[in-house]
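Peer 1: Provided herewith is a single structure, encoded as C-alpha cells, for subsequent inquiry.
Coordinate-derived values only; no laboratory data. Treat the numbers as computed from the prediction; the structure is a model and nothing was measured. Methodologically, a virtual Cβ is constructed for each residue, glycine included, from the backbone with ideal geometry; neighbour enumeration extends over all protein chains shown.
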Amino acid sequence: MSERLEDIAAAMMRDGQGILAADESSGTIKKRFDTIGLTSTEDARRDYRELLFRSTEAMENYISGVILYDETIRQKAADGTPLVDLLKAAGSVPGIKVDMGAKPMALSSEKVTEGLDGLRERLNEYYELGARFAKWRAVIEISDTTPTWNAIHANAHALARYAALCQEAGIVPIVEPEVIMDGPEANHTIDRCYDVTQWALNTLFDELYTANVSLEGTILKPNMVIAGQQCPTQASAEEVAEKTVKVLKACVPSAVAGIAFLSGGQSDEDATKHLSLMNAMGGLPWKLTFSYGRALQAAAIKAWGGKPENVAAAQRAFTHRAKMNSLAARGTWSADQEKSAA
Ligand code: 13P
C-alpha cells in the first residue's frame, strides 16, 4: 500500500531539518562546475552528488529530503549502490524535479514552465525509482511591465495541473512559484516583490483549489520577500523576515503541509539568517524550513574544486551549512554559532 501524502510531507518537514535541492539540470550544474574550472561529465556529476549524499552527519541530522535530477535518480555511486539507496539509508526522502524548464511564452517576453505532456507516465516511473515527492518551478520576473496576468495565470495553472498529477501518483508536490531576485531591474524594491509575490501566491492557491489538490499533501517553495539584487535600496534582514511572514500569512492556507524556501541568489548567511528570524517570531500556522540549492552547496563546491583529495573538506563545508540551516529551521541560529562552528 502506498504511503499517505501527509505522512511523506511530515517526514520532509520534520523538526530542525530541511531539503537539499540537488536537482540542477545539466545546463545549470555545468555553470556551477565552470566556477571551479571543472568539465561537467556524467562521472563528475555523479562524484559530486555522491560526496553530498555520503555526508553522513548532514544527511542523517539536517536533511530530510533531496531533490534529484532525472540523470541522478538513475545513477549509481562508484561502488554500484544506487544514489537513491544512499539517501534512503540516511533517512532522507528522495524527490525529483519533473518540470522541463521555463520556456519563452508565445507573443510575450515572459516565461512559462513546460513539462505537462507525458507527466503522468513519468511520475509513475519516478515512483518506481523511489521518488516520493516532486518539484516544479515557475519563474516570475519583475520588470517595469512584468509580470503580466497572462504569465502569472499560465504558470499557476501549470503548477496546479502538475500538483494534481503528482497526488494521483502518490507523490507529494512541491509547488514553486519563484519571483526572481537576481534580474536587472533597478526598480525592484522589496515592496514591489511583496506585491508580485502576493499576486503569484493568491493565484496559485486559487488554481490549486480549482484542480482539487489536497493542501495537506502539498509543500510550498516560495521566494522570500526581498529587494532585487540591482535595487539600490536593500532592506534589513528584519524587514525581509517580517514582510515574508506577512505575505505568507495573508496568502497561504494553514492546511499546507509546510513551507520550504528557495535561496534564490541570497548569500549563504543571509539565507540562513532570514529563515532563523522568521522562525524566531513564533506563532506561525505552518513549519518554515529550507529547500536550498546554492545556499547549501556553494561553499562545498568551492572546497571540493573537483579534486578527490578535497572530498572531506567539501563534506565539512556542506555539513556546516546544513547545520546552520537546521538551527535556522528552529529559529535558534546566531552569527556567533556561525563563527564558533566554522
Ligand atoms: P536555490 O536555493 O539555489 O534558489 O535553488 C533552489 C531551487 O531548487 C530552485 O528551483
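Peer 1: How do Arg137, Arg192 line up, fewest other C-beta atoms within 10 Å first?
Peer 2: In order of increasing Cβ crowding within 10 Å: Arg192, Arg137.
Peer 1: To the nearest Å, what is the center-to-center distance of the range 71-133 and the range 284-342, using C-alpha atoms only?
Peer 2: Computed from Cα coordinates, the inter-centre distance equals 23 Å.
Peer 1: Okay, helix-only estimate at 222 nm for the chain: each DSSP H run of n ≥ 4 adds -39500 (n - 2.57), divide by all residues, round to 500 deg cm²/dmol; what do you get?
Peer 2: -14500 deg cm²/dmol
Peer 1: Please identify which residues in the range 192-235 have an amide N closer than 17 Å to a label point set 7 Å out from the Cα of Glu3, following the Cα→Cβ vector.
Peer 2: Within reach of a label on Glu3, which here means backbone N under 17 Å from a point 7 Å along Cα→Cβ, the range 192-235 contributes 216-220.
Peer 1: While we're looking at this one, here's another question. Per residue of the range 297-308, what does 6.51 cos²θ - 1.76 cosθ + 1.60 with θ = phi - 60° give for ³J(HN,Hα)? Whole Hz please, x for Gly and Pro, Karplus curve as stated.
Peer 2: Values, residue by residue: 10, 4, 5, 5, 4, 5, 5, 6, x, x, 10, x Hz.
Peer 1: Pull up all non-local amide H partners of Arg14: gap of 5 or more, or a different chain, and H-to-H distance under 5 Å with H placed in the peptide plane.
Peer 2: When sequence neighbours closer than 5 places are left aside, there are no close amide H contacts.
Peer 1: A further question on this structure: If I stretch the segment between Asp191 and Lys302 completely, what's the gain in nm (0.36 nm per residue apart, minus their alpha carbon distance), one decimal?
Peer 2: Contour length minus the Cα-Cα distance gives 36.6 nm.
Peer 1: List every residue whose amide H lies under 5 Å from the amide H of Lys103, counting only residues 5 or more places away in sequence or on a different chain, with H placed 1.01 Å from N in the peptide plane.
Peer 2: Val112, Thr113, Glu114
Peer 1: Go through the range 10-18 residue by residue and turn each phi into a ³J(HN,Hα) via Karplus (6.51, -1.76, 1.60, θ = phi - 60°); whole Hz please, and just put x for glycine and proline.
Peer 2: Calculated HN-Hα couplings, in order: 5, 5, 5, 9, 5, 3, x, 10, x Hz.
Peer 1: Once Rh is set to the Kirkwood radius over Cα pairs, what Stokes-Einstein translational diffusion coefficient, in µm²/s, holds for the range 63-212 at a temperature of 10 °C and a viscosity of 1.306 mPa s?
Peer 2: My calculation gives 96 µm²/s for D.
Peer 1: How far, in nm, would the chain grow between Ala10 and Lys103 when pulled straight, counting 0.36 nm per residue and subtracting the alpha carbon separation?
Peer 2: 30.2 nm
Peer 1: Just for the chain, what percent of DSSP beta bridges are antiparallel, to the closest 5?
Peer 2: For the chain, the DSSP antiparallel bridge percentage is about 10.
Peer 1: At a 10 angstrom cut-off on C-beta neighbours, averaged per residue, how do the peptides 217-227, 121-131, 315-325 rank from highest to lowest?
Peer 2: Order by mean packing, descending: 217-227, 315-325, 121-131.
Peer 1: Another one. Rounded to whole Hz and in sequence order, give me ³J(HN,Hα) for the range 275-284 from the Karplus expression 6.51 cos²θ - 1.76 cosθ + 1.60, θ = phi - 60°, writing x for Gly and Pro.
Peer 2: For the range 275-284, the Karplus-derived couplings read 5, 5, 4, 5, 5, 5, 5, x, x, 8 Hz, x marking Gly and Pro.
Peer 1: Something else about it: Would you pull out the residues with amide H under 5 Å of Arg137's amide H, same chain only if 5 or more places away, H placed 1.01 Å from N?
Peer 2: For Arg137, the qualifying residues are Asp99.
Peer 1: Compute, for the chain, the length of the dipole vector about the Cα centre, with Cβ point charges of +1 (Lys, Arg) and -1 (Asp, Glu) only. Units Debye, rounded to 20.
Peer 2: 500 debye
Peer 1: Seen from all sides and averaged, what is the projected area of the convex hull of the Cα atoms in the chain, in nm²?
Peer 2: With every direction weighted equally, the projected area is 16.4 nm².
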